[in-house]
Amino acid sequence: MSKKILVTGGMGYIGSHTVVELQKSGYRAVILDNLSNSQPGILELITRITGVKPEFVNLDMTNQQGLNAFFHNHPDIKGVIHFAAYKAVGESVEKPLMYYHNNLGSLVNLLACMQEHPAASHLVFSSSCTVYGQPENLPVDEQAPVVPAISPYGNTKQISEEIIEDTCRSNALLTAISLRYFNPIGAHESGLLGELPLGVPNNLVPYITQTAIGKRNKLTIFGNDYNTPDGTCIRDYIHVSDLARAHVVAMERMLKKDNKKAHEVFNLGTGTGYSVLEAVQSFERSAGVKLNWGFSARRPGDVEKVWADTQFANEELGWKAEKGLDEMMSTAWSWEVNLNEGLMG
Ligand code: NAD
Ligand code: UDP
């Protein structure tokens with residue numbers, strides 16, 4: 001019987017791709033999600049891609065009793081990949097308590113349940129490169145200092161890593177891997193799964209694809225006076241399926257007891273930085289669509305440039321990102337076209 005892995009937030013953007021990768025690797029996935037930022041139709045799309053319908057439980061993870069009952073009813077869970085969280089930086093500035101309650105409350109409840117049910121003692125956690133702020137040295141490696149977060153959202157990631165570190169130290173059975181994502185973009189190669197932003201997108205790639213399809217008038221590029229070759233910000237964009245695969249590898253590492261410490265931290269990026277203008281050019285090239293765009297002032301809070309030192313993840317985790325920027329853009333575009341043709345109804 002294949003091992004069962006709990007994927008919290010598994011109906012969301014990265015979670016749904018991870019469920020696909022888990023199933024492809026022979027695991028059974030059970031999804032726990034309250035659909036606060038995702039749609040029930042995702043389950044059918046995962047099933048179309050993999051041929052296997054994952055189990056789905058609609059539950060809010062801040063409901064401790066409900067979560068306890070869930071673990072009680074699923075004694076065969078061997079590990080947890082935890083995505084469930086709110087993720088809008090701007091909203092977190094306006095509603096910090098909502099973010100601390102949801103993101104930290106869910107994690108604390110989850111860890112308490114994992115302590116109660118030691119069969120499920122391995123955790124993979126979604127962290128972010130925002131913990132580095134603007135790093136002094138590039139590429140940035142895992143030893144770089146964690147700097148005070150600019151937003152409550154970013155702070156929930158830092159505090160979550162600390163909560164995990166403390167809990168692993170106090171509990172000999174628990175192991176965890178925190179994965180610091182750089183900029184996940186793109187969509188499943190089938191065009192059947194991708195990012196579903198609610199309302200006006202904050203992130204670059206959904207804004208690009210929505211502009212290209214005609215939902216938005218014009219892409220605004222925030223700032224052209226940065227200290228970079230073309231004046232626009234530089235990021236390390238990583239294909240969501242490469243990122244998803246890393247979660248399976250991280251879980252396997254703990255299941256096989258290959259981890260070197262109770263709580264390990266890895267960067268997940270490609271190691272290459274691209275400017276916003278290069279990202280736009282890549283989109284135009286791979287989608288074959290001309291984009292309407294213009295410059296505006298810098299967006300407050302944006303770091304100038306960041307890309308990952310991937311050596312530790314490549315060598316220690318045995319994982320490497322494979323897909324390039326053009327493929328990230330072409331898959332994001334296929335997904336947008338499919339959405340426009342009514343894929344999600
Ligand atoms: P997403 O919003 O698409 O997915 C998160 C899922 O969690 C959603 O389906 C939502 O309904 C669910 N959820 C939220 N709160 C919940 C709760 N209390 N109980 C149950 N379900 C709940 O987000 P995503 O882009 O897939 O991100 C996944 C994780 O990765 C998040 O923790 C996010 O902070 C982190 N992350 C994302 C990015 C990014 O650029 N997308 C970058 C770094 C880190
Ligand atoms: N960006 C932009 N216009 C947009 C959205 C984003 O110019 O409408 C830029 C943003 O300033 C940053 C890069 O694109 O330099 C990536 O931004 P995103 O919000 O996708 O990710 P972040 O790196 O902020 O997490």
Got a sec to turn the phi values of region 289-295 into Karplus ³J(HN,Hα) couplings, 6.51 cos²θ - 1.76 cosθ + 1.60 with θ = phi - 60°, whole Hz, x for Gly and Pro? 10, 8, 9, 7, 9, x, 8
How far apart, in nm, are the 7 Å Cα→Cβ label points at Arg169 and Arg285? 4.7
Could you tell me which of Gln311, Val280, Gly269 has its Cα farthest along the dipole of region 262-322 towards the positive end, charges placed at Cβ (Lys, Arg +1; Asp, Glu -1), taken about the Cα centre? Val280
Distance from the Cα centre of region 272-291 to that of region 57-113, in angstrom? 36
Distance in nm between Lys95 and Gln143 label points, each 7 Å along Cα→Cβ, equals 4.2
Can you tell me what share of the DSSP beta bridges in the chain is antiparallel? A percent to the nearest 5 is fine. 5
Quick calc of log₁₀ I(q)/I(0), region 198-294, Debye, one scatterer on every Cα, no solvent, q values 0.18, 0.24 1/Å, result -0.91, -1.28
Over 37 Å, how big is the tail of the calculated P(r) for the chain, in percent of all Cα pairs? 13
To the nearest 0.05, what FRET efficiency results for Asp230 and Glu55 with a Förster distance of 51 Å applied to their C-beta separation? 0.60
For region 62-149, the convex hull over Cα atoms projects on average to an area in nm² of 7.1
Using per-residue counts of other Cβ atoms within 10 Å, averaged over each peptide, order 61-74, 286-299 from highest down. 61-74, 286-299
In nm, the gap between the two label points placed 7 Å beyond Cα toward Cβ at Gln134 and Val108 is 3.4
Stretchable slack from Asn340 to Val200, in nm (0.36 nm times residue separation minus alpha-carbon distance): 48.9 nm
Given the pairs Lys4/Lys157; Lys24/Lys87; Lys78/Lys256; Lys3/Lys257; Lys78/Lys320; Lys3/Lys320, which span a C-alpha to C-alpha distance of over 18 angstrom in this model? Lys4/Lys157; Lys24/Lys87; Lys78/Lys320; Lys3/Lys320
Excluding Ser128 itself, what net charge comes from residues whose Cβ is under 11 Å from its Cβ, given Lys and Arg +1 and Asp and Glu -1? +2
Length gained, Asn63-Ser25, 0.36 nm per residue minus C-alpha separation, equals 10.6 nm
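A short reminder: the numbers here are calculations on the coordinates, not readings from a lab. Only a predicted model underlies this, so the values are computations on that prediction, with no experimental measurement involved. Methodologically, a virtual Cβ is constructed for each residue, glycine included, from the backbone with ideal geometry; neighbour enumeration extends over all protein chains shown.
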